Amino acid sequence: MAVPSVSTAQSAIAANPAARPTAASTIDGPAKPAFWLRFDPSRPFLADLRDAPDGLKKALGLGDFAWLPEAHEFAAVPGVNGVWSEPGWSPEETLVRGKPALSDEEREAGLVLLDPWTEVPSEFCPPGVNGGSLLRVLPVKNGAHYHTPWGGLRVVDPRQPAVPVSHPALRACWIASLVKAGKIQPASEFSVQGRRAELDSLYSTTRSKSYADAGLKAEKLSGIEARIAQAKAEVYRGQ
Amino acid sequence: MTTSITSPATQAQGLAAGVQYSYRLMELIALALMDQADVTNVMGDPVDLSGLGSTSMRLPFINTVGYSKRMTASGGETSLNAASAYDVGYSTASVAQYDLSYTQSAQNRVIGLQGATVTLEMLADMVVANYIATNRYLFAVAGSGISYATVGSAALELNSDDLFNIAYKSRLRLGAQALGMPVATVTPASFNSAVNSLRSEPGFTFNLDALRGAARYTGMQRLSDPFGLGYDVVLTNDVQTSGGADLGFAVSPGAIRRVKADPTRIQLPAAVNPTYLPDLGIVVYDLVQALNAATLGKQILGFMGATLSDPLTSIQILVNTKTPS
């Protein structure tokens, strides 16, 4: 008859190593609140897609520049701009339960507060960043730094504060994919015309100024000319 | 390490009580005392939500009345025009509970070196600074939500064109001057970008006094009309960011409303020595610990918030510029 095995005192000790004390994050970077992404067709931005992967641009029908609706991070800070929160709610619970209601006018204008758990496919993420939910979090010394797959912090020198990173071209491709999928409205053509007119006005004003240095004036004018040329890009409609 | 968020979860507290008592804290306190860009006077009269039965309320506003509405010529000698309509809108003010506490062990109080060890009383004395820091943050977050008008481009750092545009767009909001001088809130790094841009702006290169006024380091965080364009500047790193760009803002005083609730209604027992600051919406009191914890504590409890007001009668401009690297 086999003798049943039993744990000895020695094996019990070996199975329970002393736990290493967990340390708080040592990343010296700014805390950043959780947020919704707010899309507003009347606030267009000119996306520079020259750094975006060619395959992605081809699949979406994008050129090197395109007008897209800006996606601003609308912070979920309790008590600010109608964000509701109860004591004890985590930032994530506030995102789920404390979302401020858009007014009728805002909805009619095409404003959207996007769910922070919207899935971002991996092809839109920078190298080394996995696909997954839109909202990511990085523990920092003073709390948490919430960010998107295209944001976050990079520690360059442990003695210096971490620096923010951004991948605007991939982010713009993802916004274009939302337009293509009909989840958000394209940028307003009227607003885009206004932005182009501002650039034309800036060019005229700069040209009429008296610069002590003619080279400097030429440099400024050529910079604005380049922006005017880029701004001739179409409003991206996903078609 | 960056982690994905899969579902609502408890947010770990970054700081644990008990690790804060080091001599380095003295340096931090010194920095905190310097870091006082008081924005409360820009935030106008507070909205008081005490006794409302809710943590939020609508702030109504009315437009197309007064100077925005002319009388209309009568349609005929005996037929008058129909009664006029006016526009009514609202923003939502909400209040949230904020707190901050410090503890000090009994041993630390006994063996602490007088003049060097930070005491609870020293920390409690800085409650006003805590309040200002909180309000400034709420103010900056509220300003990041402006959608009415925008200056700048997420592809370019703050520059002289943007500085002039803030003045131009402010001027278009007739009537807002009655609220007071507008204030632009930007990060110190963005301000540096703007000053750098002014070095090649003809109006400033031909006027050394103007350039000096803008570029001169003063050590202040609240700058009085530094560009001579008719608005003050507040420098703070509380300015929010989005997609690699700063969400600075320029507003009239009162365009962002401070929200509070009266803490005296808590009616704390006298044994915890409450000090009520009802105008600020906060109360400071002794933190009652279990006797076997051998610690003493101070608690600051506040009921605070901030919200954007009417964009049609106040200046509200988002200053959306590339975050300087």
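The values are calculated or read from the model by the stated rules, or taken from the named source; none is laboratory data. Predicted, not measured: the structure shown is a model, and the values here were computed from it. Heads up, the Cβs are rebuilt from the backbone with ideal geometry, glycines too, and the neighbour counts pull from every protein chain shown.
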- Message: Of the residues B:123, B:100, B:113, only one is part of a strand (DSSP E or B) and closer than 22 Å to residue B:294 by Cα; which?
- Response: B:100
- Item | Number of the exception - residue B:317 against (1) outside any strand (DSSP E or B); (2) modelled with pLDDT of 90 or more; (3) under 25 Å from residue B:90 (Cα atoms) | (1)
- Note on the structure: Those residues of the range B:104-134 which are out of contact with any helix residue (DSSP H, G or I) (no Cβ under 8 Å at 6 or more places or on another chain), of a type in the set (S, T, N, Q) and farther than 26 Å from residue A:77 by Cα amount to B:105, B:107, B:108, B:114
- Message: Please go through the range A:103-151 and give me each residue that is farther than 27 Å from residue A:54 by Cβ, under 13 Å from the mean Cα position of the chain (by Cα) and part of a helix (DSSP H, G or I), ordered by number.
- Response: none
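Just give me the residues in the range B:300-325 being closer than 30 Å to residue B:272 by Cβ, aliphatic (A, V, I, L, M) and within 11 Å of chain A (Cβ to nearest Cβ), in sequence order. Can you show your working first?
Initial filter on the range B:300-325 (closer than 30 Å to residue B:272 by Cβ): B:300-306.
Filter once more, keeping what is aliphatic (A, V, I, L, M): B:300-301, B:304, B:306.
Matches in the range B:300-325: B:301, B:304, B:306.
Out of the residues in the range B:219-231 that are assigned to a loop (DSSP other than H, G, I, E, B) and modelled with pLDDT under 90, which is surrounded by the most Cβ atoms within 10 Å (Cβ to Cβ)? Please lay out each step first, then the result.
Going through the range B:219-231, the residues assigned to a loop (DSSP other than H, G, I, E, B) turn out to be B:219-221, B:224-231.
Next, only the ones that are modelled with pLDDT under 90 stay: B:219-221.
On the way: B:219: 5, B:220: 12, B:221: 18.
Applying the filter and picking the extreme gives B:221.
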- Scope the range B:152-207; condition under 23 Å from residue B:325 (Cβ atoms), part of a helix (DSSP H, G or I) and of a type in the set (D, E, K, R); matching residues: B:161, B:162
- Message: Out of A:34, A:14, A:24, A:18, I need the residue that is facing chain B (nearest Cβ under 10 Å) and at pLDDT below 95. Which one?
- Response: A:24
- Message: Given the options B:206, B:249, name the one that is out of contact with any Lys or Arg (no Cβ under 8 Å at 6 or more places or on another chain) and in contact (Cβ under 8 Å) with a residue 40 or more places away in the chain.
- Response: B:249
- Item | Tally, over the range A:209-239, of residues that are within 14 Å of chain B (Cβ to nearest Cβ), touching a residue at least 12 places away in the same chain (Cβ under 8 Å) and not in a loop (DSSP other than H, G, I, E, B) | 7
- Flagged in the range B:107-121 as surrounded by fewer than 14 Cβ atoms within 10 Å (Cβ to Cβ) and either modelled with pLDDT under 85 or β-branched (Val, Ile, Thr) (or both), in numbering order, are B:110, B:111, B:114, B:115, B:116, B:121
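Sort out which residues of the range A:152-166 are within 7 Å of another protein chain (Cβ to nearest Cβ) and either in a strand (DSSP E or B) or touching an Asp or Glu at 6+ places or on another chain (Cβ under 9 Å) (or both), and write them in order of number. Break it down stepwise before answering.
First pass over the range A:152-166, keeping only residues within 7 Å of another protein chain (Cβ to nearest Cβ): A:152, A:164, A:166.
Listed by number, the list holds a single entry, A:164.
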- Message: So if I check each of A:137, A:112, which one is at the interface with chain B (Cβ under 9 Å from one of its Cβ atoms), among the hydrophobic types (A, V, I, L, M, F, W, C) and either under 20 Å from residue B:144 (Cα atoms) or surrounded by 15 or more Cβ atoms within 10 Å (Cβ to Cβ) (or both)?
- Response: A:137
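It is to be established whether one or more residues within the range A:49-72 are closer than 30 Å to residue B:46 by Cβ and either assigned by TED's automatic domain parsing to the domain that holds residue A:158 or not in a loop (DSSP other than H, G, I, E, B) (or both). Write out each step before concluding.
Filtering the range A:49-72 down to residues closer than 30 Å to residue B:46 by Cβ leaves A:72.
Of the ones still in play, those that are also either assigned by TED's automatic domain parsing to the domain that holds residue A:158 or not in a loop (DSSP other than H, G, I, E, B) (or both) are A:72.
Checked against the condition, which is being closer than 30 Å to residue B:46 by Cβ and either assigned by TED's automatic domain parsing to the domain that holds residue A:158 or not in a loop (DSSP other than H, G, I, E, B) (or both), the range A:49-72 yields at least one hit.
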- Message: So, in the range A:167-208, exactly how many residues are within 11 Å of chain B (Cβ to nearest Cβ) and among the charged types (D, E, K, R)?
- Response: 3
- Among (1) within 13 Å of chain A (Cβ to nearest Cβ); (2) closer than 30 Å to residue B:286 by Cβ, the one test that residue B:145 misses: (2)
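Only one of B:251, B:234 is within 14 Å of chain A (Cβ to nearest Cβ) and crowded, with 19+ Cβ neighbours inside 10 Å; which?
B:251
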- Query: Hey, residue A:94 hits all of (1) in contact (Cβ under 8 Å) with a residue 24 or more places away in the chain; (2) over 19 Å from the mean Cα position of the chain (by Cα); (3) at the interface with chain B (Cβ under 8 Å from one of its Cβ atoms) but one; which does it fall short on?
  - Reply: (3)
- Within the range B:79-116, which residues are within 14 Å of another protein chain (Cβ to nearest Cβ) and of a type in the set (Ser, Thr, Tyr)? B:90, B:91, B:92, B:94, B:98, B:101
- Task: Inspect the range A:54-72 for any residue being crowded, with 22+ Cβ neighbours inside 10 Å, of a type in the set (Phe, Trp, Tyr), more than 8 Å from chain B (Cβ to nearest Cβ) and touching a strand residue (DSSP E or B) at 6+ places or on another chain (Cβ under 8 Å) and give the result as yes or no.
- Result: yes
